Structures are given as structure tokens and as C-alpha cells.
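Shown next, in C-alpha cells, is the structure this report addresses.
The values are calculated or read from the model by the stated rules, or taken from the named source; none is laboratory data. Keep in mind that what you see is a predicted model, and the values were worked out from it rather than measured. Virtual Cβ from ideal backbone geometry, glycine too; neighbours counted across all protein chains shown.
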Amino acid sequence: MFADIVFNKPIGPLTYELKNHSVNACPGMRVAVQLKQKPTVGIIYKIKEETDLPYIKPVEETLDKEPVLNDDLIEAGEWISRYYLCSIGEALWTIIPKGYKKREKSIIIDNQFPTGERDGDIVLTDEQQVVFDRLRKSLDEEGASHFLLYGITGSGKTEIYLRIIHEVLKKDKGAILLVPEISLTPQTINYFSKRVGDQLAILHSRLTKAEKINEWQRILSGEKKIVIGARSAIFAPMKDIGIIIIDEEHETSYKSEETPRYNAKGVAYYRAGKHGATLLLGSATPSIESFYLAKLKKFTFLQLSHRVLNQKLPKAHIADLRKIKGKKYISTFLFKAIERRLKKKEQVILFLNRRGFSPYVYCENCGYVFKCKNCDITLTYHKGEKRLKCHYCGYLEQIHEVCPACGDEKLLYSGFGTEKIEGLLNDYFPGAVSARMDTDTVKKRGSLSRILSAFSKKRIDILLGTQIVTKGLHFPDVTLVGVLNADIPLNFPDFRSAERTFNLITQVSGRAGRSEKGGEVIIQTYNPVHYAIQTAKNQNYEEFFIREIKYREILIYPPFCRIIRLVFRGIISKDLFESAYNTVSLIQERTGDYISILGPTFCPFSRIKNNYRVHVIIKVKQLEPVRSVLREIYNTLKKKKGQYIEIDIDPVSML
């Protein structure tokens, strides 16, 4: 007997012989083999009785008693390989949890959640009942059903999710609920655990490898029928899926930035179709593409237009930073608003999507800018560590006393990040307790839980953070949200920059006013008349969509085309441009005039981790005509030493 084994590499399956000790081996099991004289773990892809190859290496050991990938997930891997243009090995190794990627044998850890509470304790609003009834009806319909739930912040989307999941369980089927990684706070996990109890499995990046394996095995065995997790939870090994829910469906974190560059929404669409399941996308700020599909009736449109208990949306104001003199970190308008809330013993959330103390350090005398030696990126000053840091490759440099170019001592620290604001809050509001929540402060296991627990118990008055504070938080005593610089995402060279800005402001604004106390939002910006800022201030998604869709149509961007982004990486930029031009010529020769090609040109971040980056943007109506050409290009370029090509289907970032 022989087995085709696949590896987490851009190569096809390799054939190995199954010896007597591997007599029970079957597809989906991990095996230990030799690959180029190195001990390597592979996955059995197919079993066959014969082979024409003259010399076959043996499988040294079978690492699993039962397959870790079922047939359904192997088929999903094949679809990912075809759609996102990667090897079948790269696809299958992406599906299994990281804990399985080494030789360690599986272990079982007891990890029970509390018994679930009944739904009857919460009464649905009339709007919620209409949405729930329509979704419940879909569970009895033949084939897959697709829904877009547009519900403003605080309108009770989560309650709908929980109710419909319980209906799915009554039919003895499984449910997958995806939420952004930043929404998987301990507060969120505890809430779901109390509601659905011992049927629940949690899959996210903060689990240990052993915990991930444990959850995976319980899902695979059928013991767990509800899965909640981040992007990779879409691969949960359920045998019979009744519903897949994607909360905050607009989030870019559902798209993988590593090979295979899959989008969890695309995989969800595929898996729902295979299982005849209901697919529900939910958001207060739906992606432009999803809302457009709903307009075309490709998705059934559902809406929650009011907050539960008729709570009003927070009142929003704009602080025009152009009219403010001196330091523009916290305007007088925002400062006084914070003071008022603190006097009332209420809580404040401040949002700034930039960590560190200062993102830009330069010499006033000669203009020298401190940049990463590996990347075309400025170094960020972290005052607590007394070091300059690259947020892309992790390069560290000690802070300098003098300019390395001219020897002058006039070094200036420009801009501001969360670390600088944290210091200012302590100076401005000495009687208040403030805390910073970003990737620098929540690195250690349990630190995020401790901060949020303290905030929920009102031991913290002001919570300052990056995107972590924008979603998944429900604190009734938060009555003020301040957006310190709304322009950061707006200035990115990306056609989605306005959409990203609108989403972030709207989502963080939704953290305020979640009780009868009401709420207030203050948005600081240098661009107060921009339609993304104005519509976010008014929480008017429909107006934003009308403005944005016109722009997309004029410039022919999604949803009016599909985009493929090719990124060529390597040490010698000249060779990259040569490969890129040859690639463009080949695509034009094979596909004709029905596509539009932009580039090649340097990426906005032209060098990362000592590799130059050149990209080509391809706009097409349909992917299929160009897919076979791209597969050929991929197979050719991966053999070129010192060069690598990234093929990104439907990219969410153009940087």
C-alpha cells in the first residue's frame, strides 16, 4: 500500500510506502517521514494500492489513531487550493490547529464550561422576533440560505445568534459562530459560555496548543456542537453544520495575510453550500460588497434599526483639529467632556489606532529620519522600553542621544501613540485611574482579562486602546467615547480607506450609551467634512454606502470588479520588476482585453524584512479566465531562487 503525503510547502503530494506498522493508516492522519533527508510531519492525502515510481521511501510512523481531518475538510482543502491558488498541502496544513503541526501525540484536557442559561429570561423586541422567525424558517428549507443582518450597534444581534443556535441544536446539527479576534474578549467568552454551556467549544489564538487540540478532538467526535472562534474556526471539523454565523462580517481580520490567503467568508459560503446550511452575515457596518449583494437580492436582507430597550444612539460631535492651537492630542472640548463624566463617576473609552509613544523620530538639524534597517518603515519610539521598534519585523534599536548622520542633539519625537496619551491622562486627570489596552500591554496570558475585569468593576475610569476597544465590549457605565485621531486609516493609500474609517468610528462609537444614562462621542479630525467622518458621526450607514458605491463604480473597484493582487518579493528589486513585467505580458497575451492591469510598481511599503516588494493589481469581471494562467506563473516563479510570488485573490489590503 502507498500513500500520497502532503506538506506545508508549495509542492504537490509525494508518494511514500505504508509498512505493516501503518496498516490502519487513512486519509487525514499525520505521519512522520523523511523529506530531503530531514524528519518531517506530513498528512496522508490519498491511499493507493500501486505506484509506478521506482524507489519509494517508507512512512516511519503514523502519529494518530484516528484522522485529524475528516473527508469534508479534505474536500474543503481541495477547494481552497483551487480557489486561492496554493498547494493542497498548504491548504490542509492551514486547516488543522497549530498544536498538530509537530510530532507530539494528542492528549485530552478536561475543559468544561458552565451549564447554559435559558433563553426565556430575555424577551425579544418586535424587530428581533421578525428576524429570528425568518432565520428559524430557513432551517426547514432545502439547500443553503444566505442572509445579511444589518443591525445598528446595541440592537441585539448577539441575542439573535444565540436563539438561532439553540434552534439548530434542537435539530441535532452544529453551529459555527465567527467573531473577530479582537472581539474574543473574556467578557464575550464568559457570556456565550453561560448561555450555551457544555456544548460550546472555543477556538482562538490565545489558547495553548494542547487546548486547541483538545477542542478540535471534542468537535471531531461530535461531543461539541457549537463552535465560537476567530477566522480559523471556520474549519471546525463538524459532520453536520446547520448554521454558520459571521459577526462583524466587514472585519478585514477574516482574511488571511499568509498563504493560503483565504477569506473565512468565502470558506463559509463554500461549507454552507456543502452542508445545505444557513449562512448569516451580521454587522452594524456591513462591507460594501455584502450590502451591494443584498441590494441585488443575492442575500436575504434583515434589519435591526433600533437599540434594545429603545436606548438612543450616542450624540456625536466633531472636534476640528485645524482650529486647535498647540498640542492636539486631547482637545479642550474632549478634555472638558472627560472631566464632566469623571465627576459623575461614569467611564470613558478613548480610541487611538496607533501604539507606542511617538511614531516618528527625526533630527531637526539635518532631517535624518530613524528607519528600520530591514524595512522601509519609520521606527516607533517606545518610552517604557527606551527603544525604537519596527512594528513589521520586530527590529529593535536603542534610543540615540545624538543624530547618527550629523551628530546634532536636536532629536524630535513627532506624532503620538497610546503610550504618550497614557502619560498625558495621568497628568491631566490625576484623580482618575486610566489603563492602556493595546498589543504591548496584553501580551501576557491573562492580562486582557485582568484589564477588562477591572474596568467592569469600575476600578478603571478611562480605558485607552487601539482596535481592541472597538468591538465586543459592553459596559453600561461608559457614557463617553473619544476618537483621538480619526484620520489615521483615512490616509492609507488603499481604495477601502474611507470604508475602514467609517467602520472604526461607528464601531467604537457604539461602545457608548448602552444604558439609560445615554452617551456621547467626540471625534477629533483634521478632515471634518469628509463623507466617511460625517456619516460616521451621524451613524448613517445608508448615506455612506450611497457615497462610497458611486466612487467604486466610477473607478471600477469591488463590487464592480474582482481584484487579484500579485506581490513579488526578493532581495534584488531589478529582478522583481523583470519578473513582474514578464508576468504582465504573459497575462495580457493569454487573456486579451477584458482585464485591466495596474503596475508593476513598488508596494506602498516597498521593503519588509529585507525583501523588496513589487506588486501588480489585476481587475477582472470573472476570476476563472485568468486562474489557469496564474497557476502556471506561480509554478514557474516558485522555482526562481531569491524570488517569491504572493497571489492574493480578493485582497483586503493594498499595502
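Remarks
- Sole residue being farther than 15 Å from residue 471 by Cα, in the same structural domain as residue 281 (by TED's automatic domain parsing) and either crowded, with 20+ Cβ neighbours inside 10 Å or aliphatic (A, V, I, L, M) (or both), chosen from 164, 189, 152: 164
- Residues satisfying the criterion are absent from region 623-643 (criterion: of a type in the set (S, T, N, Q), farther than 20 Å from residue 260 by Cα and either in contact with a strand residue (DSSP E or B) (Cβ under 8 Å, 6 or more places away or on another chain) or assigned by TED's automatic domain parsing to the domain that holds residue 250 (or both)).
- Among the residues of region 412-463, those identified as within 20 Å of residue 354 (Cβ to Cβ), free of Cβ contacts under 8 Å to residues at least 40 places away in the same chain and in a loop (DSSP other than H, G, I, E, B) are 441, 442, 443.
- With a requirement of 2 or more residues that are of a type in the set (A, V, I, L, M, F, W, C) and in contact (Cβ under 8 Å) with a residue 60 or more places away in the chain, the strands (runs of 3 or more DSSP E) lying completely within region 338-391 that satisfy it span 347-351.
For (1) modelled with pLDDT of 90 or more; (2) crowded, with 20+ Cβ neighbours inside 10 Å; (3) in the same structural domain as residue 333 (by TED's automatic domain parsing); (4) basic (Lys, Arg), each residue gets a yes or a no:
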position	(1), (2), (3), (4)
439	no, no, yes, no
446	no, no, yes, no
461	yes, yes, yes, no
469	no, yes, yes, no
481	yes, yes, yes, no
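- The residue that is surrounded by the fewest Cβ atoms within 10 Å (Cβ to Cβ), among those in region 284-303 that are within 20 Å of residue 504 (Cα to Cα), modelled with pLDDT of 95 or more and among the hydrophobic types (A, V, I, L, M, F, W, C), is 288.
- If the condition is being within 25 Å of the chain's Cα centre (by Cα) and without any contact (Cβ under 8 Å) to a residue 40 or more places away in the chain, then region 163-187 contributes no residue at all.
- Among (1) modelled with pLDDT of 85 or more; (2) of a type outside the set (Val, Ile, Thr); (3) not in a loop (DSSP other than H, G, I, E, B) - the single one residue 99 does not satisfy: (1)
- Condition check for residue 65: at pLDDT 95 or above, surrounded by fewer than 14 Cβ atoms within 10 Å (Cβ to Cβ) and charged (D, E, K, R): no
- Of the residues making up region 260-273, at least one is over 27 Å from residue 9 (Cβ atoms), buried (at least 18 other Cβ atoms within 10 Å of the Cβ) and over 15 Å from the mean Cα position of the chain (by Cα).
- Of all the residues in region 352-369, those that are surrounded by fewer than 20 Cβ atoms within 10 Å (Cβ to Cβ) and within 14 Å of residue 409 (Cα to Cα) number 7.
- Verdict on residue 545 being assigned to a loop (DSSP other than H, G, I, E, B) and within 26 Å of the chain's Cα centre (by Cα): no
- For region 228-236, the condition holds for no residue, the condition being that it is modelled with pLDDT of 95 or more, surrounded by fewer than 21 Cβ atoms within 10 Å (Cβ to Cβ) and in contact with a helix residue (DSSP H, G or I) (Cβ under 6 Å, 6 or more places away or on another chain).
- In region 188-211, the residue that is nearest to the chain's Cα centre (by Cα) out of those that are within 20 Å of residue 447 (Cα to Cα) and basic (Lys, Arg) is 206.
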